Amino acid sequence: MLDDIIETHITGTQIAYYIVCKRKLWLFTKGISFENLSDLVEIGKVISEASFSEEKLKEIDIGNIKIDFLKLKDEIVVHETKKSRKLEEAHIWQVKYYIYCLRKKGINCKKGILHYPKLMKTLEIQYSSEDEDIINKFLKEIVEIKRSERVPEVINKPYCKKCAYYEFCFV
Ligand code: SF4
């Protein structure tokens, strides 16, 4: 399965989009983008640097996925920084996906921490054996969505108004 992930380029962002909206995932993976990604990356970097000034995060590359982590004794803890908690379920699965990828590489990791520096909050995430089965199911569906020629339906959720594809979907 890890080879499939690398081959099909499934990133943490795609896992998050899969949880938020299959249509968003499809549009994004087809290269249709209205977001200024470079701005988003820059904002994320600034928040990340501000939050970890005391600690030294390390980074690992698996295929095209970059994972920030800290080593505590013999355990690896994944760290991910977000601006708000509005899409927290998607953030949690993104972190669990990173843990999944590390574990597939034989790395001892079962914990992640989500940081919300603007809110001065953190959330600890524990990875369970059931999570692996759930992520395997996600990955199968994501590969199908990415390969499909049909755009998934509009979902019409409250967060659609904040989505970069809002005008594409509703106007
Ligand atoms: S606006 Fe709503 S339906 Fe359209 S891509 Fe975004 S989340 Fe999905």
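Let's see how each residue does on (1) open to solvent by 80 Å² or more (accessible area, probe 1.4 Å); (2) within 16 Å of the ligand (Cβ to nearest atom):
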{"site": "Ile92", "(1), (2)": "no, no"}
{"site": "Gly112", "(1), (2)": "no, no"}
{"site": "His115", "(1), (2)": "no, no"}
{"site": "Glu124", "(1), (2)": "yes, no"}
{"site": "Ile134", "(1), (2)": "no, no"}
{"site": "Lys161", "(1), (2)": "yes, yes"}
{"site": "Tyr166", "(1), (2)": "no, yes"}
{"site": "Cys169", "(1), (2)": "no, yes"}
Discussion item. Against the conditions (1) over 17 Å from the mean Cα position of the chain (by Cα); (2) of a type outside the set (S, T, N, Q); (3) modelled with pLDDT of 95 or more, where does Glu75 fall short? Just the number, please.
Written reply: (3)
Worksheet entry | Residue check for Arg103: out of contact with any strand residue (DSSP E or B) (no Cβ under 9 Å at 6 or more places or on another chain) and open to solvent by 40 Å² or more (accessible area, probe 1.4 Å) | yes
Discussion item. Consider the range 146-156. How many of its residues are farther than 19 Å from Cys101 by Cβ, open to solvent by less than 100 Å² (accessible area, probe 1.4 Å) and of a type outside the set (Ser, Thr, Tyr)?
Written reply: 4
Item to complete: Could you check Asn108 against (1) assigned to a loop (DSSP other than H, G, I, E, B); (2) touching a residue at least 40 places away in the same chain (Cβ under 8 Å); (3) away from the ligand (no atom under 16 Å from the Cβ) and say which number it fails?
Response: (2)
Worksheet item: Does Gly12 satisfy the criteria of being more than 16 Å from the ligand (Cβ to nearest atom), closer than 25 Å to Glu141 by Cα and at pLDDT 90 or above?
Response: yes
Worksheet item: Among the residues of the range 24-34, is any outside any strand (DSSP E or B), open to solvent by less than 90 Å² (accessible area, probe 1.4 Å), modelled with pLDDT under 75 and hydrophobic (A, V, I, L, M, F, W, C)?
Response: no
Worksheet item: Taking the range 67-98, which residues are small (Gly, Ala, Ser) and assigned to a loop (DSSP other than H, G, I, E, B)?
Response: Ser84
Worksheet item: Do we have Lys146 as within 20 Å of Lys22 (Cα to Cα), within 16 Å of the ligand (Cβ to nearest atom) and assigned to a helix (DSSP H, G or I) here?
Response: yes
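The values are calculated or read from the model by the stated rules, or taken from the named source; none is laboratory data. All values reported here derive from a predicted model rather than from experimental measurement. As a convention, Cβ positions derive from the backbone with ideal geometry for all residues, glycine included, and neighbour counts pool all protein chains shown. These accessible areas exclude ligands, DNA and RNA; they are computed on the full protein's heavy atoms, side chains included. Shrake-Rupley method; radii C 1.70, N 1.55, O 1.52, S 1.80 Å.
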